[in-house]
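Below you'll find the structure, written out as structure tokens, and then a few comments.
The values are calculated or read from the model by the stated rules, or taken from the named source; none is laboratory data. Note that the coordinates shown come from a computational prediction; the quantities given were computed from them, not determined experimentally. Virtual Cβ from ideal backbone geometry, glycine too; neighbours counted across all protein chains shown.
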Amino acid sequence: MQYLKLSLSAISRVALASAFWIAVNVFHRVEVHGLQHDDGTHPAYFAMCHRRDLDPMVEIPVVLGHRGWRALAGNVRFAMRSDAFSPGFLARIVLRPRWFARFVRLIPLAAILRGLGVFPLENVHMRPAEVWIQDAIEIAGDVEIEDALTPVFLQQVVKYSDERGGQAKGQHLSHLLSWRYQQSLQDWQSVDIFREPLRGQMKRFVMAETRQELAHIARYIHDGGSLWGAPEGRISPDGTVGAVTAAAHRFVRDCPATLCVVPIAISYDFMTTRRSGIFVDVAPMIEHAPLVTQQTLDEQLRDAWLLHMRFTCTLLATGFLVQASRTGSLVFALDDIAKCIEQQAKLLVGEGRLVDTRLQHSRAARKLVIGYLRYAERQHLVKRTGRTSWIPTIGSLTIEVRPGEYGYRQNPLAYAWNELQELLSVTTSSADPASETLEPVRDSTSKCDTMKDEN
């Protein structure tokens with residue numbers, strides 16, 4: 001019976017990975033590099049830099065496929081945000097259309113995830129409000145709303161002062177789990193939504209859950225397994241690389257000294273009307289990770305991610321637009337931006353950086369730039385002044401998003417600009433360590449200023 005269970009789990013995992021791979025490649029152009037850096041060492045922690053919900057679907061089939069059947073079938077398991085195991089998770093991911101969200105809310109995803117070998121991992125500080133309330137009912141019972149939640153939170157979520165919100169007065173916590181409030185409870189909140197003493201109870205509950213989850217994962221690693229996860233704990237909200245979480249630090253510290261970390265970088269060429277490009281790059285392993293100091297490990301992991309992310313048309317064209325708007329040379333032609341990007345791509349390759357190879361060839365670079373400019377027009381980031389000329393209208397480069405929201409949706413240009421600045425903030429061993437920026441490239445037909453932000 002146990003063998004049959006393991007076989008069904010393995011077949012399900014392989015089928016799901018295959019479906020992911022097919023679906024991703026229908027809508028995106030995917031390139032994978034650096035698989036030679038993963039030599040199959042166990043135990044391993046596959047540490048992905050988290051950019052989109054799509055990341056695991058892109059990376060897992062090919063990276064684990066490189067390791068063979070055993071890795072796909074069960075030798076590698078996954079850490080996933082714990083709210084995925086709570087009721088209604090799919091409705092949190094698919095908010096529109098509302099009728100469909102209400103339908104998928106009924107799917108019991110937790111059993112499926114556990115069958116596929118997924119470990120839940122708590123976010124100690126921020127969770128969807130709906131999850132906090134579900135757990136509060138389990139811990140303290142179905143207490144009255146006014147005794148459990150702060151007035152500020154109630155005003156924000158259920159519009160407590162208006163006629164409709166007034167229906168919640170005198171109700172219990174379970175009342176807020178009705179479909180009426182589902183959408184307003186998806187914002188990520190801290191434990192401060194609760195009144196005391198429930199707030200203290202929920203803090204202790206989350207910490208206990210986290211310790212238990214990490215102990216479970218550590219036992220699995222000590223038994224010879226490997227784990228796939230995101231050390232940052234969440235998707236980057238503004239394009240920058242986030243700090244490694246305390247949970248990830250504790251996990252590594254509790255693992256055998258032989259644990260190696262496999263950094264996985266991913267880059268999205270997303271500002272385009274063409275089929276978007278996705279680049280997955282596996283960096284050299286960090287060996288004996290538990291023996292490395294926490295600060296050193298963080299630095300090595302961050303540098304590995306940034307040095308193995310690819311410069312795309314999205315990043316280089318964004319750099320051109322921002323610099324054009326700042327220098328006062330506002331009107332630019334298609335030839336100006338295409339030639340600038342091609343020159344910057346070649347310069348970056350000379351510095352030992354990874355670049356979308358199409359940007360080094362004039363015809364291919366021009367096609368990518370056209371796709372970028374069409375996207376920029378639709379987003380009102382540029383305004384056409386002639387058949388092949390534009391003027392930047394980029395607006396603010398500040399990203400302000402609430403927890404759980406992503407800046408690449410609200411302000412894609414600012415998100416790409418932040419990504420570009422981070423990639424330019426590190427240098428390869430082949431580059432001059434004293435150089436912090438790319439030197440400008442200039443010719444008689446176009447100006448291509450450095451894309452490093454000096455402000």
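Is the stretch 177-196 home to any residue that is among the basic types (Lys, Arg) and within 23 Å of residue 60 (Cβ to Cβ)? Taking every residue of the stretch 177-196 in turn, none turns out to be among the basic types (Lys, Arg) and within 23 Å of residue 60 (Cβ to Cβ). Only a single criterion out of (1) over 24 Å from residue 405 (Cβ atoms); (2) over 19 Å from the mean Cα position of the chain (by Cα); (3) buried (at least 23 other Cβ atoms within 10 Å of the Cβ) is not satisfied by residue 284, namely (3).
Starting from residues that are among the aliphatic types (A, V, I, L, M) and closer than 21 Å to residue 64 by Cα, keep the ones in the stretch 267-281 and report whichever is surrounded by the fewest Cβ atoms within 10 Å (Cβ to Cβ). So the residue we want is 280.
All of (1) under 22 Å from residue 232 (Cβ atoms); (2) of a type outside the set (Ser, Thr, Tyr); (3) without any contact (Cβ under 8 Å) to a residue 60 or more places away in the chain hold for residue 130 with one exception: (1).
Just to be sure, is residue 386 under 28 Å from the mean Cα position of the chain (by Cα) and modelled with pLDDT under 95? It is false that residue 386 is under 28 Å from the mean Cα position of the chain (by Cα) and modelled with pLDDT under 95. Being assigned to a helix (DSSP H, G or I), surrounded by fewer than 23 Cβ atoms within 10 Å (Cβ to Cβ) and either in contact with a Ser or Thr (Cβ under 6 Å, 6 or more places away or on another chain) or outside the structural domain of residue 262 (by TED's automatic domain parsing) (or both) is true of residue 364. So residue 39 clears everything in (1) among the acidic types (Asp, Glu); (2) assigned to a loop (DSSP other than H, G, I, E, B); (3) under 28 Å from residue 243 (Cβ atoms) except one condition, right? Which one? Going through (1) among the acidic types (Asp, Glu); (2) assigned to a loop (DSSP other than H, G, I, E, B); (3) under 28 Å from residue 243 (Cβ atoms) one by one, residue 39 breaks only (3). One residue stands out in the stretch 399-423 among those that are among the acidic types (Asp, Glu) and over 20 Å from residue 309 (Cα atoms): the one that is modelled with the lowest pLDDT, namely 405. Scanning the stretch 73-110 for residues that are polar (S, T, N, Q) and in a helix (DSSP H, G or I), we see that the one that is modelled with the highest pLDDT is 82.
Is one or more of the residues making up the stretch 236-254 part of a strand (DSSP E or B) and either assigned by TED's automatic domain parsing to the domain that holds residue 46 or without any contact (Cβ under 8 Å) to a residue 24 or more places away in the chain (or both)? Within the stretch 236-254, none of the residues are part of a strand (DSSP E or B) and either assigned by TED's automatic domain parsing to the domain that holds residue 46 or without any contact (Cβ under 8 Å) to a residue 24 or more places away in the chain (or both).
Scanning the stretch 187-201 for residues that are surrounded by 19 or more Cβ atoms within 10 Å (Cβ to Cβ) and either farther than 16 Å from residue 137 by Cβ or within 27 Å of the chain's Cα centre (by Cα) (or both) turns up 189, 191, 193.
Using beta carbons and a limit of 7 Å, which pairs, at least six apart or on different chains, have the first residue in the stretch 23-47 and under 19 Å from residue 356 (Cα atoms) and assigned by TED's automatic domain parsing to the domain that holds residue 259 and the second one among the aromatic types (Phe, Trp, Tyr) and outside any loop (DSSP other than H, G, I, E, B)? Listed pairs, sorted by first residue: 31/279. Here is the figure for the stretch 55-93: residues that are surrounded by 15 or more Cβ atoms within 10 Å (Cβ to Cβ), within 22 Å of residue 120 (Cα to Cα) and among the β-branched types (Val, Ile, Thr) total 4.
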